[in-house]
Every structure is written in structure tokens, then in C-alpha cells.
Amino acid sequence: MTAEALENIIMAEIEKSTDQRITFADYMDLVLYHQDYGYYNSGTVSIGSKGDFFTSPSLGQDFGELLGIQFRQMWQNLGCQDRFCLVEMGAGNGELAQDILGYIQKHAEDDFKRALEYIIVERSPALIQLQQEKLASSTIDLTWKTWSDIANESIVGCFFSNELVDAFPVHLVTKDEGQLQEIYLCLEEGQLTETTNSISSQQINQYFDSIAINLLARQYPTHYRTEVNLQALDWMQTVGSKLKQGYVLTIDYGYIADKYYHPSRDRGTLQCYFQHRRHNNPYANLGYQDITAHIDFTSLMRCGESSNLTTLGFTQQGLFLMALGLGDRLNELSSGKYNITEIFKRRDALHQLINPTGLGNFGVLIQGKNLTAREQSLKGLFIPKL
């Protein structure tokens, strides 16, 4: 029923559009975020070992606890102010918030607990309900807000996200006969069909100019196909406008621009997840599968700079977590406190978090605003920038 309803909605959008076509970004927004049938709003999204995909928090409490160590240091860096906000953007099923707040409640000093305000910005009503059920027992000041609820220049603390930006709708572009073209969806004999035409927005050209990438250069083959995440730039500008002083932490899978838009990556990075199976057909399982694209971290850095955000560091998740003490947690497994079953399970989870061929290769970008040199020094960045 969901798939059929979404298909009818998409067809109606195409038929009422001026040019009888919609961008892939419009399509992706509908299948993921439609208020009734979109993947994230329909109640079908499933995260974890039995779901469509799993994230770092799915592997246990360590990921959230290590982030808690980083957030506590950020508060200390800012002089232990009496109000410190953690703003989690896109909180999934609430596991990460639960682990972060659990660590702070158990290990942080009372001054930090009193100062902390935990805010969740979440687009999906279905996920908000899951989060509220999971976090009902939290004793930390916890609220859900929309972007309009947060005044400009009002947040002292840290905005952070884990695997959020990869799910923003993307535009698809291609090199066709020496021109940059965009891929649209139209109807052909009653069926959804891809077609190409001129780009829908000059922002796409400006995007490539800002990261110094020219897809029309000779090294890019004809029919080279890739993605442009304009919504990520809008999001970054919003975050920069809301932050008065502090940090922005973005964790996701992606690359810097030279790697993302390498000529050999001629099919882009778009991928879909359905019941733990990854494939590349975004037109299947409408409303029942996740659709993602990797992150161009260079564009986030450049956009952040225009919003007064300074890039403090960019590294891999494995190195980031090791700098926060994950290695000590591995060593502790030999302390005799754990039985053999616990040791194997926990060791496997910790190794997955730093596996350089998996989660450990995720990008970690930390930006800052209105910080002194001392305030820019963080445990998670005691390693060279990549």
C-alpha cells in the first residue's frame, strides 16, 4: 500500500509540474520524508541488527560514551559555563542520546549535569515518538525543538550529528555531450523514467566552483554521473547561524572533494539499504528502503567558512575514537572483570567501530565558532588532520 501510494503521489507531482518532470532531489525527498508514506515517517524505518541498516550506536554504549567524553571536554574548554547545549540533529531511534546522557549522568560532575541542556532536532514525527519513549527516564534537561524554535546566535555548546547528512535529498548530475546536465524523473507510458536536461539551479554550478571541481574537464568520461547535496549547504548555514560559541561535530561516511569526485567514481555514491542488503536501485521498495549518498566534506568546510565556522579538524572515526580512549577500553577487557562471552562480544563491537574498511573509515569533521586557540584543542583531534 505504501509503495503504491507513493508512486501515485510522485506521478501526480510530475504531472502538475511545469515541465512534466521533477528533480531526483524532489523524488528522494518524497520517498524518504513524505508526511504519511515516506520511509522515515511511515514507521517502517528499522535500525539495528534486525533492521535495514545499523549505525555505530547499534554496537553498544561505547560510541555514545566516548562522545560524552568529548562533549564534557568541550564544556570545560568553554570555561565550565552554567549553560551548555548539546543539539543532536537527527537522533534516529534515540540510542545515541540514551548512551550519551547515561554516561554523563553516571560519570560527569554535578556542575556539568546542571549546565547541560540536551536538544533534539528531528524531522520525523515517528522517530520523535520512538525517542521520547526511549528517553522518558532521563534526568537531564531534554527537549525537542524545530529550527524555528532556536534563535540565531543563541547556542553555546555543540551541534552534532551521526549519519544524518547522508540521507539528505541529492541532485543527480551527469556529463553529457560536453555539458553538465541534471537527471530528472518524468513519465513515459505511465512509468517513472529518468531523463536529462539543463541543471535546475545555478547553485549546482556554484557548488562545484566552491570546491574547485570541473566535471567538464577531459579526465571525466562522458556520462559521468554523481550527486550534489545542496540541502547539506542549507543545513550547514542554519547550524552556523544558530551557534553563538562552540562546536559542530559531523560524523558520516564520505570523502573530501578530490576523492568524492574522482574520475574513476563515474557512477557516484548513491546506495540503498533494504533489510541489511545494499543495492543501487532507488526506484525499488518505495517507502520501505533507505536511500543515501556519501558526504562531500570539502563542501561542508567551505560552506562553514562562509558562516563563520572554522575547520578545527577532519579525520577518520577510528582515529577519533582511539584518541578519546577506545584503546583503553580494549585493554580493559584483559582485566579479569569480564567472562569470555562478554569479552568476545565487546571486543568485536569495539573493533567494528574502528575497522578501517567499515565504520572506522567514516569521516569526522569538527568545526568551531568564536573560539580561542586553547578552546580549539580537543582530545578527539590529538592526531594529524587528513
- [ ] Tell me, please, whether a residue that is charged (D, E, K, R), open to solvent by 10 Å² or more (accessible area, probe 1.4 Å) and either touching a Gly at 6+ places or on another chain (Cβ under 7 Å) or farther than 21 Å from residue 89 by Cβ (or both) can be found in the stretch 246-253.
- [x] no
For the stretch 231-252, pairs from a residue that is in contact (Cβ under 8 Å) with a residue 12 or more places away in the chain and closer than 11 Å to residue 304 by Cβ to a residue that is of a type in the set (A, V, I, L, M) and assigned to a strand (DSSP E or B), with Cβ under 6 Å and 6 or more apart or across chains, are 239/248; 243/155; 250/365
Residue pairs within 6 Å by beta carbon, gap of at least six or interchain, first lying in the stretch 71-96 and under 16 Å from residue 124 (Cα atoms), second charged (D, E, K, R), listed first then second, are 91/122; 94/134
Requiring at least 3 residues that are under 20 Å from the mean Cα position of the chain (by Cα), the helices (runs of 4 or more DSSP H) wholly within the stretch 279-351 are 297-306, 317-323
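Within the stretch 74-86, take every residue that is in contact with a helix residue (DSSP H, G or I) (Cβ under 8 Å, 6 or more places away or on another chain) and open to solvent by less than 20 Å² (accessible area, probe 1.4 Å) and give me the one that is nearest to residue 380 (Cα to Cα). Spell out how you get there, then give the answer.
The initial filter retains those residues of the stretch 74-86 that are in contact with a helix residue (DSSP H, G or I) (Cβ under 8 Å, 6 or more places away or on another chain), namely 75, 80-84, 86.
When the remaining residues are screened for being open to solvent by less than 20 Å² (accessible area, probe 1.4 Å), the result is 75, 84, 86.
Details: 75: 14, 84: 19, 86: 17 Å.
This residue is 75.
Quick one: is residue 371 at pLDDT 95 or above, open to solvent by less than 20 Å² (accessible area, probe 1.4 Å) and either in contact with a Lys or Arg (Cβ under 7 Å, 6 or more places away or on another chain) or assigned to a loop (DSSP other than H, G, I, E, B) (or both)? Talk me through it step by step, then tell me what you get.
Working: at pLDDT 95 or above: yes; open to solvent by less than 20 Å² (accessible area, probe 1.4 Å): no; either in contact with a Lys or Arg (Cβ under 7 Å, 6 or more places away or on another chain) or assigned to a loop (DSSP other than H, G, I, E, B) (or both): yes.
When the stated conditions are applied, residue 371 does not pass them.
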Residue 142: passes all of (1) in a loop (DSSP other than H, G, I, E, B); (2) open to solvent by less than 40 Å² (accessible area, probe 1.4 Å) but (1)
Given the conditions (1) assigned to a helix (DSSP H, G or I); (2) surrounded by 16 or more Cβ atoms within 10 Å (Cβ to Cβ), every one holds for residue 184 apart from (1)
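The values are calculated or read from the model by the stated rules, or taken from the named source; none is laboratory data. Keep in mind that what you see is a predicted model, and the values were worked out from it rather than measured. Positions of Cβ are backbone-derived with ideal geometry, glycine not excepted, and every protein chain shown enters the neighbour counts. Side chains included, ligands, DNA and RNA excluded: accessible areas come from the protein's heavy atoms. Shrake-Rupley method; radii C 1.70, N 1.55, O 1.52, S 1.80 Å.
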